[in-house]
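J.: Take this structure, written in structure tokens, and hold onto it; I'll ask about it next.
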Amino acid sequence: MTRLTRTMELLAPAGGMDQLLAACRFGADAVYLAADRFGMRARAANFPLDALPDAVRAAHAAGVRVHLTCNTMISQSELADLPPFLEAVAEAGVDALIIGDMGAFALARRHAPSCDLHVSTQASVANAEAAKAWHALGAARIVLAREMTLADIAALRQRIPDDLELEAFVHGAQCMAVSGRCLISSYLTGRSGNKGACTQPCRWSYTLEEEKRPGVHFPVEEDAGNTFIMNAKDLNMAAHLRELAEAGVDSIKIEGRNKKAFYVACVVAAYRRALDEGYSDQVERELLGVSHRPYSEGFYFGDPEQACAFDGYEQETMHVADVAAPEDAGIPSGSLQAEGRVFARCRNRFAEGEELEVLEPAGAGRRLCVEGLVWHPDAPQGGTRPEPEAVAVANRSCALYSFRCSDAPEPGSFLRTRTYRRSARH
């Protein structure tokens with residue numbers, strides 16, 4: 001398949017600084033993130049306000065735009081905190097604000113005039129009149145309701161101003177509720193999904209208890225043995241980017257601000273390849289490699305599907321290490337000690353003699369053999385770093401190891417093995 005004629009922005013999640021840097025290295029055009037308030041992913045690391053300028057500078061240095069989410073349900077008691085928050089965000093250099101509340105939108109126009117305003121999917125914009133109303137209020141972009149079909153998007157595009165951009169989710173977890181507006185978590189746990197603290201009770205397995213027979217539980221089933229009746233499949237539209245471009249989408253968005261940097265790197269790299277070169281077996285292989293629920297096409301071509309058999313994940317690779325800099329081991333870069341070695345921070349077990357696959361900005365698939373594996377112990381408090389120790393297995397989580405390699409990948413790359421895994425959360 002040839003590359004797309006319409007250029008679409010690739011928008012990646014950045015739940016923390018490691019994820020932001022991975023998105024920038026592996027091909028994102030823009031990242032979206034949250035500060036420590038008003039974001040829909042409270043469990044992500046996020047960015048304290050005083051750390052936001054550094055994050056923006058890092059992204060801008062890579063030519064990547066920064067969109068900040070301010071899209072939780074805003075309570076009356078929170079309104080007084082919004083103006084100083086918005087002013088600080090604008091001062092940090094954020095390019096755009098993603099907002100779902102009309103009151104917050106009005107305040108952003110006054111207190112963050114340098115920022116473009118994007119209407120969050122939380123606003124559930126699903127028709128042209130709603131899109132035009134937001135545009136009249138100053139919106140530069142609509143993040144489309146996730147319940148729209150591809151035909152709906154194309155029809156909307158024809159009826160709105162040319163300068164109003166459209167953003168659509170293309171990959172990641174989906175919510176069984178309308179654009180994420182759900183009360184189940186609040187009701188069952190006291191943690192509000194509309195405030196960014198969803199416990200995902202739609203993923204749980206449920207039973208029925210008849211009042212005359214307390215303690216006797218009956219499964220809730222769609223089919224024999226299947227009880228996860230609200231558990232939505234993950235979205236994967238990598239094979240349909242041309243259709244999205246032809247429908248008039250300007251930005252494609254990857255879900256995943258609770259995901260680690262390895263996940264971000266894999267998925268961003270796959271979609272970058274699909275945008276630049278077209279969908280291929282290599283793109284499919286990369287997206288099967290990361291931890292995911294069964295994939296679907298969401299609402300784009302009809303009714304979405306549920307993963308009723310179990311709530312769990314499958315993946316075809318195991319992330320074993322992050323490629324680090326020699327300086328992390330106290331060794332100057334370019335020195336004889338560093339030359340011809342890979343320095344790797346352990347994430348999962350790997351061993352002497354094992355073959356590892358490299359994921360790097362230049363591509364994926366290159367293989368390295370682990371030879372001469374050593375562990376670099378951390379220096380004790382106030383002491384000197386111990387000498388490296390030859391080992392047969394790297395199995396200390398987050399510890400630093402190194403091994404011989406004539407062509408070491410750059411720091412910020414990742415090492416993995418082709419290992420199929422399937423896991424259930426419940």
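All of the numbers you see were taken from the coordinates with simple rules; none came from a lab. Every value quoted in this text rests on a predicted model; they were computed, and no experiment measured them. Methodologically, a virtual Cβ is constructed for each residue, glycine included, from the backbone with ideal geometry; neighbour enumeration extends over all protein chains shown.
J.: Could you please report the charge total around Leu164, scoring K, R as +1 and D, E as -1 over all other residues with beta-carbon less than 15 angstrom from its beta-carbon?
T.: Summing Lys/Arg as +1 and Asp/Glu as -1 gives -4.
J.: How would you rank Tyr263, Tyr279, going from fewest to most other Cβ atoms within 10 Å of each one's own Cβ?
T.: Lowest count first: Tyr279, Tyr263.
J.: With the Cα gyration tensor of segment 1-154 giving a ≥ b ≥ c as the square roots of its eigenvalues, does the rule (a/c under 1.5 for rounded; else a/b larger than b/c for prolate; else oblate) give rounded, prolate or oblate?
T.: Because a/c hits 1.5 or more and a/b fails to exceed b/c, segment 1-154 counts as oblate.
J.: Hey, got the dipole for segment 318-424? About the Cα centre, +1 on K and R Cβ, -1 on D and E Cβ, debye to the nearest 20?
T.: Taking the Cα centre of segment 318-424 as origin, the dipole is about 540 debye.
J.: Sort 93-100, 318-325 by packing, meaning the average of other beta carbons within 10 Å per residue, with the highest value first.
T.: 93-100, 318-325
J.: While we're here: Count the net charge of all other residues whose Cβ sits under 13 Å from the Cβ of Pro411, scoring Lys and Arg as +1 and Asp and Glu as -1.
T.: Residues close to Pro411 contribute a combined charge of -3.
J.: Right, another one. Whose amide H sits under 5 Å from the amide H of Arg366, counting only residues 5 or more places off or on another chain, with H placed in the peptide plane?
T.: Val358
J.: Karplus couplings for segment 353-359 from phi (6.51 cos²θ - 1.76 cosθ + 1.60, θ = phi - 60°), rounded to Hz, Gly and Pro as x?
T.: Karplus-based 3J(HN,Hα) across segment 353-359 equals x, 7, 8, 10, 9, 9, 10 Hz.
J.: Follow-up. Less than 14 Å Cβ to Cβ from Gly340, Lys/Arg counted +1 and Asp/Glu -1: what total charge do the surrounding residues give?
T.: -1
J.: Residue by residue through segment 413-420, what is 3J(HN,Hα) from phi via Karplus (6.51 cos²θ - 1.76 cosθ + 1.60, θ = phi - 60°)? Round to whole Hz and write x for glycine and proline.
T.: Per residue, the Karplus-derived 3J(HN,Hα) values read 7, 10, 10, 8, 10, 7, 10, 6 Hz.
J.: I would also like to ask the following. If you project the alpha carbons of segment 318-424 onto their three principal axes, what span does each projection cover, largest first, in Å?
T.: Over segment 318-424, Cα extents along the principal axes are 43, 32, 22 Å.
J.: Could you pull out every one of the lysines with an alpha carbon less than 28 Å from that of Lys233, ignoring same-chain neighbours closer than 8 positions?
T.: Those lysines meeting the cut-off are Lys195, Lys253, Lys259, Lys260.
J.: Another question, if that's okay. For Glu147 and Arg110 in the same chain, what is the full-extension length gain: residue separation times 0.36 nm, less their Cα-Cα distance, in nm?
T.: Here the segment from Glu147 to Arg110 would lengthen by 10.2 nm.
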